[in-house]
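K.L.:
Submitted below is the structure of interest, expressed as structure tokens.
The values are calculated or read from the model by the stated rules, or taken from the named source; none is laboratory data. All of these numbers come straight from a predicted model, not from anything done at the bench. With ideal geometry, Cβ positions are generated from the backbone for all residues, glycine too; neighbour counts draw on all protein chains shown.
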Amino acid sequence: MNNLFRLFMVAGLCFLALLVLLVGLAREDENLLAPMNFFMFLAIFAVYLLPTALAFYRDCESTLWIAVLNVFLGWTVLGWVLALGWANSGKTRPLPPTGHPPSHPLPSH
């Protein structure tokens, strides 16, 4: 499996375990809503930082500026949309070469 997929799976399982623990510890109706409020906060926060995460994932050259725009102007819908568009269409850093191409053609089978 991909390492990033494993990381998300482990984080998701840890979050679900924490959620079950918090629901189990709650004794009143108001306390039962606390884990759900926490989950909603995390979900909204993840969506809010989506442009920054996308810029880091794509390894954009302007990742820092995209993050600044997202954090300071992301609360406006226009700032968030601009940051998301910039992260999606921004220039990425070129990948380093992985090796030297063969100097002579490979024999066919």
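K.L.:
Please find, within the stretch 30-67, the residue that is modelled with the highest pLDDT out of those that are farther than 16 Å from Leu82 by Cβ and not in a helix (DSSP H, G or I).
P.N.:
Step by step, filter the stretch 30-67, then rank; the result is Glu61.
K.L.:
Looking at Leu84, Leu18, Leu78, which is the one that is part of a helix (DSSP H, G or I) and modelled with pLDDT under 90?
P.N.:
Selected residue: Leu18, the only one of Leu84, Leu18, Leu78 that is part of a helix (DSSP H, G or I) and modelled with pLDDT under 90.
K.L.:
How many residues does the stretch 87-97 hold that are surrounded by 14 or more Cβ atoms within 10 Å (Cβ to Cβ) and either hydrophobic (A, V, I, L, M, F, W, C) or part of a helix (DSSP H, G or I) (or both)?
P.N.:
Total meeting the criteria: 1.
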